[in-house]
1. Checking the condition open to solvent by 50 Å² or more (accessible area, probe 1.4 Å) and modelled with pLDDT of 90 or more, which residue from A129, A110 passes?
2. Name every residue in segment 193-209 that is of a type in the set (D, E) and in a helix (DSSP H, G or I), in order of residue number.
3. Condition first: under 22 Å from G177 (Cβ atoms), open to solvent by 60 Å² or more (accessible area, probe 1.4 Å) and either aliphatic (A, V, I, L, M) or more than 17 Å from the chain's Cα centre (by Cα) (or both). Now tell me which residues in segment 208-235 satisfy that.
4. Sort out which residues of segment 137-156 are surrounded by fewer than 17 Cβ atoms within 10 Å (Cβ to Cβ) and in a loop (DSSP other than H, G, I, E, B), and write them in order of number.
5. Mind checking whether some residue in segment 268-289 is open to solvent by less than 30 Å² (accessible area, probe 1.4 Å), charged (D, E, K, R), modelled with pLDDT under 85 and touching a helix residue (DSSP H, G or I) at 6+ places or on another chain (Cβ under 8 Å)?
Amino acid sequence: MSPVPSTLLLPLRVHPLTYLPDGDDVVVGRTDVDSFGVFPPDGAELLRRIADGMPPAEAADWYAETYGEQVDLAEFLGVLSELDFLVGDDQPAATAAPLRWQRLGRWLFAPPAWILYALLLAGAVAAMATRPRLVPHIDNLFYTDYVTALALTVFLGQIPLILVHESFHALAGRRLGLRSTLRISHRLHFLTFETSLDGLVVVPRRQRYLPMLAGMLADLLLFSVLTLAAAATLRPDGTPSPLGGFCLALAFLTVLRFAWQFAFYLRTDLYGVVTTVLGCHDLQAAARRVLTNRTRRLVGRPPVDESGLHPRDREVARWYSWLLLVGYAVSLGVLVVAVIPATVRTIGMAGTRLVHAGHGGAAIADSLIFLTVTVGQFVLVGVLMLRNRRQRRAAAGVRHLAQ
């Protein structure tokens with residue numbers, strides 16, 4: 001028997017970890033850097049022993065005596081190092097830093113706030129019931145004859161509302177002590193913002209639903225406030241004022257954004273809810289792997305190994321992958337049939353006004369602004385796609401070198 005390395009006879013320094021039993025597994029992680037791993041119960045117990053100060057060699061002996069089998073200690077410690085659970089030689093152990101905005105998150109979801117939210121929603125419903133002009137309708141988008149104003153409303157007017165949506169996600173996470181972050185992203189051809197709530201994996205399942213659904217709550221509240229504002233500015237004849245028309249346009253867009261959350265195949269808010277209810281870990285990746293293997297089998301190529309997928313993900317992906325395929329097909333179909341033709345047509349109209357000198361300066365300015373707003377969104381989405389692709393390639397290169 002080869003001698004045990006001296007480093008395994010001494011305790012290892014381990015960062016503070018959180019353990020959450022989750023079905024047949026235990027999710028262990030560092031909430032300060034959002035690094036998490038899924039361990040079998042025996043592996044989590046072994047990690048606890050090492051984290052509590054038991055030397056790795058002694059912990060391995062305990063494991064063999066308790067579970068009747070040997071553990072590959074070098075591989076196990078390699079996993080801990082990869083997850084950044086081990087404290088470096090000249091590195092201090094992680095400490096819990098004060099979390100900003102946590103108190104605001106608690107206030108936003110305290111009982112008095114829920115009462116206020118219920119009153120706002122009830123007020124909006126009552127206003128729509130007594131004045132049908134306030135009910136969301138596509139005509140509400142066309143509240144002005146100025147094309148630029150409509151484009152700015154559609155593309156820019158929603159940005160503050162989307163930020164409120166994502167802020168509710170972030171603050172609901174901060175309320176639980178999670179490090180939530182906000183970044184710009186995209187869903188297919190849609191520009192959007194995205195809140196990172198990776199720390200939810202070490203939160204009990206019943207506590208995850210509010211942070212996931214907080215954005216949809218924000219949409220309902222924004223819709224209520226916009227509807228009540230429009231109701232307060234109605235003219236005596238029942239028609240909306242310019243400000244009221246603007247509010248109704250944003251309210252209609254908010255309804256569309258709320259409905260869009262049901263397209264959970266695009267990893268929307270409800271996707272997180274569905275995966276939590278189904279007990280999945282990374283259903284989207286598993287479904288893509290299953291779809292890839294179906295395609296490879298059709299063309300006579302060997303399938304990609306699925307053994308690395310979580311068993312529950314692989315089980316649900318058998319049927320979810322078909323829903324994923326249908327969802328992407330519908331979204332791409334809408335892009336080809338509606339979005340691209342409409343965009344090309346409106347850009348052509350604006351271009352015609354620029355080319356023909358008969359139009360006045362106001363019309364030319366209107367066209368330039370419209371083109372900038374319309375084309376700029378798609379350019380930004382393209383830039384984000386290229387950036388994400390470069391990041392994935394760089395990460396893949398790092399993993400290759402590590403091997």
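1. Working: A110 fails: open to solvent by 50 Å² or more (accessible area, probe 1.4 Å).
Just one listed residue meets the conditions, A129.
2. Going through segment 193-209, the residues of a type in the set (D, E) turn out to be 194, 198.
If the condition is that a residue be of a type in the set (D, E) and in a helix (DSSP H, G or I), then D198 is the only one that fits.
3. L213
4. Matches in segment 137-156: H137, F142, T144, D145, Y146, L156.
5. No, segment 268-289 contains no residue that is open to solvent by less than 30 Å² (accessible area, probe 1.4 Å), charged (D, E, K, R), modelled with pLDDT under 85 and touching a helix residue (DSSP H, G or I) at 6+ places or on another chain (Cβ under 8 Å).
The values are calculated or read from the model by the stated rules, or taken from the named source; none is laboratory data. Every value quoted in this text rests on a predicted model; they were computed, and no experiment measured them. Note that each Cβ is placed from the backbone with ideal geometry, even for glycine, and that neighbours are counted across all protein chains shown. Heavy atoms of the whole protein, side chains included, go into the accessibility calculation; ligands, DNA and RNA do not. Shrake-Rupley method; radii C 1.70, N 1.55, O 1.52, S 1.80 Å.
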